[in-house]
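Input: a single structure, listed below in structure tokens.
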Amino acid sequence: SSSSSSSSSLAPTKCVARDFKIYAKNEDVDDGRQKTVMAKKILSTATALSLSLTMTSGALVGGDVAQAYDSNPSISQLAGLQANPVTNARALLRNGLPFDCKEIRQVQKALESISDDLRVPGVKFSGVEDSVKKSLKIVKNDSNKIVDKTAPVRKDEVRQYLKDLGTELQDFQTIVANKDKQEVPIEQQKCLSLVTKIEEALVNEFPYQVPAPYDTTLPRLEGRATVEMEVKIKDNAVNPGGTLTIVLDGYNAPVSAGNFTDLIQKKFYDGMTIQRSDGFVVQSGKPENEPSGVDGYIDPATGKERTVPLEIMPESSFMKNQAPEYDFTFEENGMYREQPVLPFNAFGTLAMARREAENNSGSSQFFFLLRESELTPSGTNILDGRYSVFGYIVDNQELLRDMKVGDEIISMKVVRGGENLVKNERAEPSESE
């Protein structure tokens, strides 16, 4: 296809299991760890082979996908089926904030549920009214509980946010009483924006230690960062381009998000072209002036390609303030029913590209998933637990639909959260070395 390029080998393809070489990626690990790697790779091969038997016989579209899931139990186990998966990027990011405060979570869920009422023809105002009433009651009665769980330096900030939220919710009640359909979603987002600010302020510290050796050898993002990605769409009179707003989630993918943030600050992506756009993903990040065989960023301190590990936060670990899973897919760890905190549910999900047979081969290549692809309906995709998701586009996602191979990334800039980056940089080797 003219829309793909050599970088496509590092992204998920419709043939999910192209190569099943069994080997230990890191030659420096001890013998016991090599045996563990080998065992887990062998364990996953049966599942991967069964996937390939279903997916390599031809392009699957429409009902064929459903038949593949129904007839293949390994796919059903990997799919993580959900009745009502969350598909909104901002909601997914709120769910991924590590704090303990049930009161503000209840407000969040009540306000988010209004989206369901908006989908009812004419708007289900009774549902909206109940959600707003519930939220306002919590804000009025339980604000002190929320403030008590906030770090001392941010208590006044949270008090003001709660006061503003109370005012907005009262305005919301008036909108509902007037049955103003156009204003309901606008006011909902105003309230949820304040909820997000409150929840962000409730995260008092980074919740866990990134395990060795990644805690000292790679950049990591201890928190979140907001990125603006300016793109130029060529030969399109209707859409010449614009700016995507991306939130990188270092709480749930600190190494992947840290690596990406570090490369942005080095201006690595500025001027790079889109290298794959096929209706499945939009992808870039492969150096364009490097020798053949170089797929990622060359670290000047080593003269070698800097790679990052597979990194996926399971919900069970998130609930216990534990680190993500590293090096192995969920299936390799036998975690067939585990759900990732950052799933491939939203249009514009951001993830690391890697070689399919090498979990820890990610470097600088990344992809945005176009969720409508026939292989990735929300809650039933087979990418969760296999690739490192580390962020979502939260504004101007629709630009992805028009982006094609050869379009240009004018620039990427970290506009918020850059102070959360821990660089772990090593000195460049001297000429004598």
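Couple of notes before you dig in:
- Packing, taken as the mean count of other beta carbons within 10 Å per residue, orders the peptides 136-148, 391-403 from highest to lowest as 391-403, 136-148.
- Separation of the Met319 and Glu230 label points, Cα + 7 Å toward Cβ, nm: 4.5
- Taking amide H as placed 1.01 Å from N in the peptide plane, Arg276 has its amide H under 5 Å from the amide H of Gln283, each at least 5 places away in sequence or on another chain.
- Three semi-axes describe the equivalent ellipsoid of region 176-229; taken as square roots of 5 times the Cα gyration tensor eigenvalues and ordered largest first, they are 39, 14, 7 Å.
- For region 269-370, accessible area per residue (1.4 Å probe, heavy atoms of protein chains only), Å²: 31
- Between Ala177 and Asn239, full extension at 0.36 nm per residue minus the direct alpha carbon distance yields a gain of 18.4 nm.
- Calculated from backbone phi, Karplus (6.51, -1.76, 1.60) coupling profile of region 92-101 in Hz, x at Gly/Pro: 4, 5, 4, 4, x, 7, x, 8, 10, 7
- Region 204-357, accessible surface, carbon-and-sulfur percent (1.4 angstrom probe): 46
- The loop-placed trypsin sites (Lys or Arg not before Pro) in region 270-338, going by DSSP, that have at most 15 neighbouring Cβ atoms within 10 Å of their Cβ come out as Lys320, Arg337.
- Each residue of region 229-245 was assigned a 3J(HN,Hα) from its phi angle through the Karplus expression (A = 6.51, B = -1.76, C = 1.60, θ = phi - 60°), giving 10, 8, 10, 10, 9, 8, 6, 9, 5, 7, 10, x, x, x, 10, 8, 9 Hz with x at Gly and Pro.
- In order along region 298-308, the Karplus-derived 3J(HN,Hα) couplings, from 6.51 cos²θ - 1.76 cosθ + 1.60 at θ = phi - 60°, round to 8, 6, x, 6, 10, x, 10, 5, 7, 10, 10 Hz, and Gly and Pro are given as x.
The values are calculated or read from the model by the stated rules, or taken from the named source; none is laboratory data. No experiment lies behind these values; they were computed from the predicted model shown. Cβ coordinates were reconstructed from backbone atoms using ideal geometry, including for glycine residues, and neighbour counts include every protein chain displayed. Note: areas computed on protein heavy atoms with side chains; ligands, DNA, RNA excluded. Shrake-Rupley method; radii C 1.70, N 1.55, O 1.52, S 1.80 Å.
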